[in-house]
Structures are given as C-alpha cells and as structure tokens.
Amino acid sequence: MLDYTVTFATLNCLDYTKQCLESLIQAGTKSNQIVAVDNGSTDGTQNYLNEAGIASAICNKENLSCGVAWNQGILARQSEWTIVMNNDLIVSHQFAERMIEFAIKNDLKMVSPALVDGTLDYDFNEFASSASLKMHDVMRMYSTHAVCMCIHWSVFQEIGFFRATPTLLGFEDTIFFSDIRKYGIKHATTGSVWLHHFGSVTQEYMKLQRGIPKGKVLLKVNDRKLLGQSWLERKLLRHSLRKAEQNWRNSEIKQYGMSLHGLRKNSEFHWL
C-alpha cells in the first residue's frame, strides 16, 4: 500500500473547500490520509474541517502564509509521499495513486498532474478519463506547478521545507521550485493524471482584502534577490522556461490536438 498524505491550505473559501474534500473522497483518497490546514478563516471553515473526519484539521489563529500551512500539513503525518495542493480544485479518480506510480516508474521525486483552469461547465470525469488515456505517455520533464505537487519525503531532507515567511504571500512556491532546480531533483508534469482548477481563489480573496485589483500581483518582490540570482541569470531563466513551455505546447497540440495545460472559457478549451 502506498504511503501518502494529501494536504491543502484554506482561507475563507468554505464552498471550494467542501467541493475539494468531496472530490478527494470520491476519487478514492481515504479520509485518514487527508490533512487540512486553515489559516484563520472566519466563514465556518474551521468548524467544517473539525467535523469532517479527516486525519487532521489544523486551525491557525491567523494567516501564517501558504509556506507555514504547507509545512504543517507535510509534517502532520510525514508520509513517504505528500501531495500539496490548492483547495480550489477537483481531482480525477485515484489521482494520488496514479501520480505516485508515474513518479516511481520514471524515477521522479516530484510530479504534478495536467490541469484545466477556469469554468467547470463540462463533464470533468469524462474528460479526465479520456485525456488521461490520450496523453498517458506525455511528460514535461523538469516542469511542475504549485496547484498540485506530489513530493517524495527525500526532497525535504535534501532541500528543506517551504519558506515559512508570512510576508511572502504565496511566493514560497517560486523559491521552492528554484531550489528544486538548483539541486537537480528530477521532477515533471504528467498527462496521465488530470485535475480541474477554478483559479487561485484564495489569492483573489487576499487581494480583495487588501484592495488589490484583479490582474495585479498579490506581492511585488525583487525575486532575483530572493532567489540569489543576478539580473542576467533571472532574465535567461525566465526566457528558457517560457521557451520550453511554448515548445511543449506546440509539440503536444501538433501530435494530440491538446496540451497538458488548458483554459476553459466560453464553453471551449484553449490550450496553453
């Protein structure tokens, strides 16, 4: 039996949290494998999680940041594999087992599923089943995303955990991915597993709280200094990542008529 935990952080998005938790159970994840961390919600989320029957509901008194919450979830059970994910998504059948099996088969220490962002105006289960079969062997090597990441315990032993700095406001994943690249840890996104992501709901809520317009970043940082990079290093890395994504997209669309990242808008799929 695979040893894994699924964990997510929440902040005042009760409807999405309910939908996410129901999706996990329907997908085959056992309730005693789920850890939820609430960052000071005032909308009834904490009561809901405490009564949900999951392995652990950790309720912080205030927003301690994604990094702190993710670390709390990871450390609560200390499983061989931990799936760290958003709460504004739904998953496909046995998504956890299939991601881990893919990682083991391809000698990966971290893997993310393919995803569709946007409006859920289609039959996701039917789509995910079909897309998983069609894109089963497609892999974007050395590319993962923070919406959902399945991480082997050895990664934390090698590079440490997420940066536990509340003022980073969501930049923790960028620092973590930078360390993943620095240490040469094998990671990838797989087309064999799909999820639907409604789109950074918690971050949009935090923008609303702070009076930050949609489309603007939650936090402006001098990222190259946080990442220990020179101006040129940061520019070249961004260019290479954008180029790689463009090449993957073009190659995938040419061969399969779709890519590993879609946007659902106006009842149509747009491949990114």
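Annotations
- Mean residue ellipticity (222 nm) of the chain, computed from DSSP H runs ≥ 4 via -39,500 (n - 2.57), nearest 500: -12500 deg cm²/dmol
- The phi torsions of segment 137-144, fed into the Karplus equation with coefficients 6.51, -1.76 and 1.60 and a -60° offset, translate into couplings of 9, 7, 9, 9, 5, 6, 8, 9 Hz, rounded to whole numbers, with Gly and Pro shown as x.
- Listed residues SER41, SER56, SER130, most fluctuating in the chain (Gaussian network, C-alpha, under 10 Å): SER130
- THR10 long-range amide H proximity, modeled H, under 5 Å: VAL37, ASP38, ASN39
- Largest GNM mean-square fluctuation among SER112, SER154, SER79, using the chain with Cα springs under 10 Å: SER154.
- Beta bridges assigned by DSSP with both partners in the chain are antiparallel in approximately 40 percent of cases.
- With Cα atoms as the point set, the chain shows a radius of gyration and Dmax of 17.9, 51 Å.
- At R0 = 45 Å, FRET efficiency that the Cβ-Cβ distance of GLU101 and THR165 yields, to 0.05: 0.85
- Segments 133-140, 173-180 sorted - mean Cβ within 10 Å per residue, highest first: 173-180, 133-140
- The loop-placed GluC sites (Glu not before Pro) in segment 102-195, going by DSSP, include none that has at most 14 neighbouring Cβ atoms within 10 Å of its Cβ.
- Max mean-square fluctuation residue, GNM over the chain, Cα-Cα springs under 10 Å, options LEU195, LEU168, LEU21: LEU168
- Set of aspartates and glutamates near LYS265 by C-alpha distance (under 16 Å), chain-local residues within fewer than 8 positions excluded: ASP117, ASP121, ASP123
- FRET efficiency, 1/(1 + (r/R0)^6) with R0 41 Å, evaluated for LEU120 and LYS182 via beta carbons: 0.65
- The MET1 and SER230 beta-carbon pair, evaluated with R₀ = 41 Å, returns a calculated FRET efficiency of approximately 0.30.
A short reminder: the numbers here are calculations on the coordinates, not readings from a lab. Every value quoted in this text rests on a predicted model; they were computed, and no experiment measured them. A quick note on method: Cβ atoms are made from the backbone with ideal geometry, for glycine too, and the neighbour counts reach across all protein chains shown.
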